[in-house]
1. Name the strands (runs of 3 or more DSSP E) wholly within segment 53-119 that hold at least 1 residues that are aromatic (Phe, Trp, Tyr)?
2. Considering Thr225, Thr239, which residue is open to solvent by 10 Å² or more (accessible area, probe 1.4 Å), of a type outside the set (Asp, Glu) and either in contact with a Leu (Cβ under 8 Å, 6 or more places away or on another chain) or part of a helix (DSSP H, G or I) (or both)?
3. Out of curiosity, is Lys182 buried (at least 18 other Cβ atoms within 10 Å of the Cβ), in contact (Cβ under 8 Å) with a residue 12 or more places away in the chain and of a type in the set (Lys, Arg)?
4. For segment 159-172: of the residues being in contact (Cβ under 8 Å) with a residue 24 or more places away in the chain and part of a strand (DSSP E or B), which is least open to solvent (accessible area, probe 1.4 Å)?
5. Quick one: which strands (runs of 3 or more DSSP E) lie wholly within segment 393-475 and hold at least 3 residues that are over 30 Å from Ala46 (Cβ atoms)?
6. Just to verify a result, which residue in segment 133-158, among those that are assigned to a loop (DSSP other than H, G, I, E, B) and not β-branched (Val, Ile, Thr), is most open to solvent (accessible area, probe 1.4 Å)?
7. Being open to solvent by less than 20 Å² (accessible area, probe 1.4 Å) and farther than 23 Å from Asn420 by Cα narrows it down to one residue among Gly255, Gly265; which is it?
8. Quick check on my filter: what residues within segment 291-345 are touching a Cys at 6+ places or on another chain (Cβ under 9 Å) and of a type in the set (Val, Ile, Thr)?
Amino acid sequence: MKTFCLLPLTAMLAVSAAAQVSVPFERIRDSSKEPGNWLTHGGDYAGHRYSTLGQLTPANVARLKTAWIYQSREAGRWEATPLVVDGVIYITERPNVITAIDGKTGRPLWNYRRPMSDQATGCCGAVNRGLAILGDALYVNTFDCHLVCIEASTGKERWDTVVTDYRPGYTMTAAPLAVKDKIIVGISGGEYGVRGFLDAYDAKTGAHAWRFWTVPATNQPGNETWGTNDAWKTGGVATWATGTYDPDLNLVYWGTGNPGPDYNGDLRPGDDLYACCVVAIDPDSGTLRWHFQYTPHDVHDWDSCEVPLPIDATINGKPRKLLMQANRNAFFYVLDRATGEFITGKAFAKQTWASGLDAKGRPILIPGKEPNAEGVLVYPGLEGSANWPAPAYSPLTGLFYVQTQDDYGQIYYKHKADYNVGNDYEGGGARNLLGAEPYGALKAIEATTGTVKWEFKEQSSCDAGVLATATGLVFSGTSDGYVYALNAATGEPLWRFQTGGTILAPPVTFLVDGKQYLAIAAGSALFTFAL
């Protein structure tokens, strides 16, 4: 049974302030005009996670104190980015829960809970990274592969659409992306021999609009890159992190995951399109406009699902429409986002698998780095030098901020891969180096060149996202519980707070009654700070 719950009269009165929720496409497109809200997963369609609010500055950020704390009823990994609309916070909790919260007091306004099949399994837990909002409705992916539409003012369910059958290993963990009249969703499950895709649904009815298969079938362009057998049928290539959108070019940019089996490429001897790519998709039709492959024939589980960020900048004296990504394979890439043309790329962390990139951005491989039965040491390890935690970009500094792992290698090995429906289909794995101590670091990378300008080393690894501000601040968090602020130009630490819980989510900032707040999920609690 699906449930939604309205709280007592005091909370009911608070709901009335949000009763007329209205977030049309145009409002999301023009979100820079209302920085007091957080209307889409990445803060805006470009995913910059950049705020122009001005109350928190390098001069006063050390005075931040907790304003309120909301405690989730579910323990475990909390990776969600909240949305904030006119003073109300909407956030997902694991496994399939949505809660509306008064942004000023932390009081929950309503709570929607949807049961989940206990047979749905994924590689990394039943996480949910967030919501989309469009019009007067919220949209959430469920771990067992449904897309659900919720009335934003009450939490009442409007419709529930099955995206795919979860039993072959499909799951859904990413926040949807609302574009025009459609809700675009990705899937997880690349370690189970699924066949990846990107889907779109009608926002009003939940009707299926289009599907782009990330593993092309026989007689489709790109199928020849999987060899002559049927490897494409179990090719993986999930779409498990939310993409970005350029309204001017009308293109959605979405990163794709690793091919399957992960570590044994013998059955898929070619480049394995569209694995480890960014794909540019027409959101109206689902048509592929262009693609760029970062790691052809990946055998190290280096998904390329990291968020691709569009920016406008000058290259060689000419204005260009660019797309940036700090890839899991340890290279930072700059592309032309209208055509997919490679512009530049540079390693931003220690790597030992490629001597560089050629003129078209293809890696120049170092021989002997593919996994074998005994094991081969390669940098970076399978979690990569960057991963799914959301980066940020500041037009004030021209820097791209991303959480990284450095001095991080693993011993990769392979074995025979036999496909069985719903079971791991990896063909190997990776093990740590004895005595090695890789470290996490927030790095600031020059967006047009890939040059690392500064790094802030952390005592633990970090899977938190990043927030940048127009006042010259960068916020993030650590796996050992600290949320902190740095000087965006220099990396100088300015403030930190120990939450007592692992931070696996990005921070957001918003206004309520003219006052600026900072919020971030840590452990199983949502912490909110203000001056």
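The values are calculated or read from the model by the stated rules, or taken from the named source; none is laboratory data. The shown structure was predicted, so the numbers you read here are calculated from the model rather than taken from an experiment. So basically every Cβ, Gly included, is an ideal-geometry build from the backbone, and we count neighbours across all protein chains shown. We work out accessible area using only protein heavy atoms, side chains counted, and drop any ligands, DNA or RNA first. Shrake-Rupley method; radii C 1.70, N 1.55, O 1.52, S 1.80 Å.
1. Fully inside segment 53-119 and qualifying: 65-71, 88-93, 108-113.
2. Step by step, each of Thr225, Thr239 is checked, and only Thr225 is open to solvent by 10 Å² or more (accessible area, probe 1.4 Å), of a type outside the set (Asp, Glu) and either in contact with a Leu (Cβ under 8 Å, 6 or more places away or on another chain) or part of a helix (DSSP H, G or I) (or both).
3. In short, yes.
4. By that ranking, first place goes to Thr171.
5. So the answer is 410-414, 428-432.
6. Taking the candidates together, the pick is Lys156.
7. Gly255
8. Thr295, the sole residue that qualifies.
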